[in-house]
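To start, the structure itself, in structure tokens.
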Amino acid sequence: MQNLSTNPAGPENEHIVENKELNIWEALIPVVLLMMMLAYNIFYADGEWFGEYSNQIILLLGGAISAVVGFFNKTSIKTMGLEVLENLKSVLVPIMILFLVGALAGTWLVSGVIPAMVYYGLQVLNPSIFLPASVVIAAIISVATGSSWTTSATVGIALVGIGTALGIYPGMIAGAVISGAYFGDKMSPLSDTTNLAPAMAGTDLFTHIKYMTITTVPTILITLTVFAVISLNIETSGSADVSALLVTIDDTFNINPYLFIVPGVVIALILLKTKPLIALGSGVALAGVFALFFQTEVLKTLSDSNVTAIFNAIFTDTAIVTENEKLNDLFSAGGMQGMIWTILLICCAMVFGGIMDGIGALARITKSLLSIASSVFGLFASTVMSCIGLNAIASDQYLAIVIPGKMFKKAFQDKGLAPENLSRTLEDSGTVTSVLIPWNTCGAYQSGVLGVGVAEYFVYAIFNWLSPFTTLFFAALHLKIRQLKTSKVAG
């Protein structure tokens with residue numbers, strides 16, 4: 001991937017405008033009003049205050065409020081406009097990657113790559129290791145799809161049903177599924193949050209993923225260990241029969257091990273440090289070829305032309321209908337079109353952040369934050385608390401990444417910390433904790449889909465509540481905290 005730090009609008013050349021006319025209370029006006037509007041949208045308008053794109057519109061309104069504050073503090077429209085333009089330039093590459101991620105999800109579906117991962121993953125089920133196996137299955141499917149929601153709505157439902165039949169407490173099963181699903185949501189290059197966090201922090205996708213393994217791998221290993229111990233101390237009954245799901249997948253797709261060549265090539269390109277646009281683009285093209293060779297029957301159900309079916313998978317919604325309703329949600333993808341909501345959110349956040357930059361509000365706020373969080377650990381702790389707080393206040397994991405990412409970016413740079421420290425912390429505390437809050441969109445969705453209340457699975461969603469503690473543990477001991485190069489700090 002083209003590292004954002006090498007872009008003209010990247011961290012090396014980014015500056016935050018100082019404004020001596022602005023005090024901390026004026027700088028906080030747009031933030032407070034933005035939080036109030038987001039809270040109203042969630043609690044009183046069911047997230048539909050301005051329709052489907054309410055969060056985007058609210059961010060633009062926040063930008064307008066920031067502009068008004070700027071006018072009263074002698075900031076010109078030109079200054080604000082230039083900052084917005086620079087912000088939008090800085091996310092050009094991440095936006096292109098997000099479009100490719102949508103295309104990858106669609107082509108991996110019609111080529112049979114995702115169904116093959118589901119098919120082989122389900123076969124590792126065994127009653128004696130059901131809980132850790134559930135974590136692994138959910139993780140594999142979530143890594144493949146990049147979506148914790150899709151994983152829970154399909155395989156998650158099946159696992160809860162199977163586990164309940166075995167006599168396992170539903171909260172344990174839901175916790176295992178959610179732990180695995182959010183591991184995949186964090187680590188998959190197909191995940192929108194995994195693309196969003198480095199875009200906000202100013203690093204690149206694969207540096208972000210690699211750096212996340214430092215805290216994520218120990219956390220998931222602890223999670224698996226705990227579930228293994230639990231499994232050894234509970235009694236199960238019945239049998240884990242997933243034959244119906246396997247038969248449906250096998251009847252719908254041509255499942256064979258050759259399909260794993262596609263993700264294998266992408267992973268190999270990533271390990272060879274190929275630019276993400278090339279690596280992901282290769283994954284899209286190769287999956288299209290495999291679809292023509294292995295899934296001609298599937299393509300015929302989608303369009304009269306096989307090539308048209310593949311192009312539709314790249315650009316628009318694709319849904320493969322099976323005889324099993326549990327699999328229908330899994331076997332659907334939005335293509336590039338499915339990424340528009342997230343891309344618009346990023347752009348609107350860049351407008352809000354750009355105006356906040358232009359009026360000098362971010363400089364004033366970050367100075368105040370640094371005076372409170374004077375140590376490196378204090379900065380990490382402030383970021384974690386901000387992400388969790390926004391998950392509770394704004395009830396949206398995207399905003400819990402976007403707003404702290406923009407606000408703390410300069411503070412991390414001033415401390416001489418590489419941007420991947422921030423992007424990792426955003427994921428460790430913003431992405432994964434959203435599901436632990438009942439009124440958050442993620443908590444409401446997961447509890448509704450799995451039929452298990454947040455209070456029931458909270459304790460067993462070990463990966464999710466442990467992740468913030470892990471990142472703070474590493475920060476407290478100053479383990480694997482990457483520093484900026486001297487030239488960048490000087491710049």
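Note on segment 89-107 and segment 20-74: Cα centroid distance 28 Å, given to the nearest whole angstrom. Only helices at least 27 Å long along their axis, Cα-based, and averaging 0.0 or more on Kyte-Doolittle count here, so list those DSSP H runs from the chain. Flagged H segments are 24-43, 92-110, 205-232. Carbon and sulfur: what percent of the chain's accessible surface (1.4 Å probe)? Of the solvent-accessible surface of the chain, carbon and sulfur hold 66 percent.
For Glu323 and Ser128 in the same chain, what is the full-extension length gain: residue separation times 0.36 nm, less their Cα-Cα distance, in nm? Intermediate values should be presented prior to the final figure.
Values: separation 195, 0.36 × 195 = 70.20 nm, distance 2.96 nm.
In short, 67.2 nm is gained.
Model label points for Met36 and Thr301, set 7 angstrom from Cα along the Cα-to-Cβ axis, are 5.3 nm apart.
Here Rg and Dmax of the Cα atoms in Å was computed from the coordinates, and among (i) 37.0, 138; (ii) 22.6, 72; (iii) 23.4, 86 the match is (ii).
Could you work out how far the C-alpha centroid of segment 201-231 sits from that of segment 243-285, in angstrom? Between the Cα centre of segment 201-231 and that of segment 243-285, the gap is 22 Å.
So if each residue of separation counts as 0.36 nm, and I subtract the Cα-Cα distance between Met96 and Leu246, what length gain in nm does that give?
Fully extending the segment from Met96 to Leu246 adds 50.5 nm.
Once you have a ≥ b ≥ c as the square roots of the Cα gyration tensor eigenvalues for segment 335-442, tell me rounded if a/c is under 1.5, and otherwise prolate or oblate according to whether a/b is larger than b/c. Judged from the Cα gyration tensor, segment 335-442 comes out oblate (a/c at least 1.5, b/c at or above a/b).
Over all directions, the average projected area of the alpha-carbon convex hull for segment 78-139 comes to how many nm²? Hull-based average projected area comes out at 6.4 nm². Solvent-accessible surface of segment 130-229, averaged per residue with a 1.4 angstrom probe and all protein chains in place: 21 square angstrom.
Peptides 170-176, 318-324 ordered by packing proxy, namely the average of other Cβ atoms within 10 Å per residue, highest first: 170-176, 318-324. Could you tell me how far the Cα centroid of segment 296-350 sits from the Cα centroid of segment 445-472, in Å? Answer, in whole Å: 29. Model label sites at Ala476 and Glu235, defined 7 Å from Cα along the beta-carbon direction, differ in position by 4.0 nm.
For Leu277 and Ala45, calculate 0.36 nm times their separation in residues minus their Cα-Cα distance, and state this gained length in nm to one decimal. Write down the numbers at each step before the final one.
Details: separation 232, 0.36 × 232 = 83.52 nm, distance 3.86 nm.
Gain on stretching Leu277 to Ala45: 79.7 nm.
Peptides 125-137, 445-457 ranked from most to least packed give 125-137, 445-457, packing being the mean of other C-beta atoms within 10 angstrom over each peptide's residues.
Distance between the modelled labels on Gln483 and Thr164, one decimal in nanometres: 5.5 nm (7 Å Cα→Cβ projection).
Working with all protein chains in place, sort His208, His478 by solvent-accessible area computed with a 1.4 Å probe, largest first. Don't skip to the end; give the middle numbers.
Numbers: His208 0, His478 95 Å².
Sorted by accessible area, descending: His478, His208.
For Arg364, the solvent-accessible surface computed with a 1.4 Å probe is close to 70 Å², ligands and nucleic acids excluded. Oblate is the label for segment 95-338, because the ratio a/c of its alpha-carbon gyration tensor axes (a ≥ b ≥ c) is 1.5 or higher and a/b is not greater than b/c.
The values are calculated or read from the model by the stated rules, or taken from the named source; none is laboratory data. Everything numeric in this text was worked out from a predicted model, so none of it was measured. With ideal geometry, Cβ positions are generated from the backbone for all residues, glycine too; neighbour counts draw on all protein chains shown. SASA here: full protein model, heavy atoms, side chains in, ligands and nucleic acids out. Shrake-Rupley method; radii C 1.70, N 1.55, O 1.52, S 1.80 Å.
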